[in-house]
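A short reminder: the numbers here are calculations on the coordinates, not readings from a lab. Worth saying up front: this structure is predicted, and the values here are computed from it rather than measured. Glycine also receives a Cβ, built like all others from the backbone with ideal geometry; neighbour counts cover every protein chain displayed.
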Amino acid sequence: METVFDALKALKKASSQVVASRLGISREDAVNELWKLKRRGEADNKGSMWWLTQTGESEPVSPVPKVTAQMLTEAIEHHGPQNGG
């Protein structure tokens with residue numbers, strides 16, 4: 001069975017009504033599924049038009065460096081205790 005994701009992939013860009021008609025579901029159900037895709041970052045919309053996002057085109061996210069207890073201890077020894085204000 002074709003999903004909302006599949007329909008949007010085939011249509012490239014479509015309104016919720018067109019997606020609903022293609023799948024034989026209510027517009028409300030189509031909108032609910034489209035918003036699920038949007039919350040997962042898989043789809044986006046402007047006004048009534050929806051499309052799939054281009055995965056892999058966003059900037060890569062740098063990993064957060066790991067701070068060890070030893071690193072913190074050395075920083076305190078070198079710079080002294082810091083006031084958080």
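See the values below:
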| quantity | calculated |
| --- | --- |
| Distribution of pairwise C-alpha distances over region 4-52, 10 Å bins, in % | 32, 64, 4 |
| Taking the chain and dividing mean pair separation by its residue count, relative contact order in percent (alpha carbons under 8 Å, at least six apart) | 24 |
| Stokes-Einstein D for the chain, Kirkwood Rh over Cα pairs, 20 °C, 1.002 mPa s (µm²/s) | 132 |
| Dipole magnitude of the chain about its Cα centre (Cβ charges: Lys, Arg +1; Asp, Glu -1), debye to nearest 20 | 420 |
| Under-17-angstrom lysine pairs by C-alpha in the chain, whenever the two are 8 or more apart or on separate chains | 10 |
| Charge-dipole axis of the chain as Lys and Arg at +1 and Asp and Glu at -1 on Cβ define it, positive-most pick from Val67, Thr3, Thr53 | Thr3 |
| Approximate spin-label separation Lys36-Asp6, in nm, with each point projected 7 Å along Cα-to-Cβ | 1.4 |
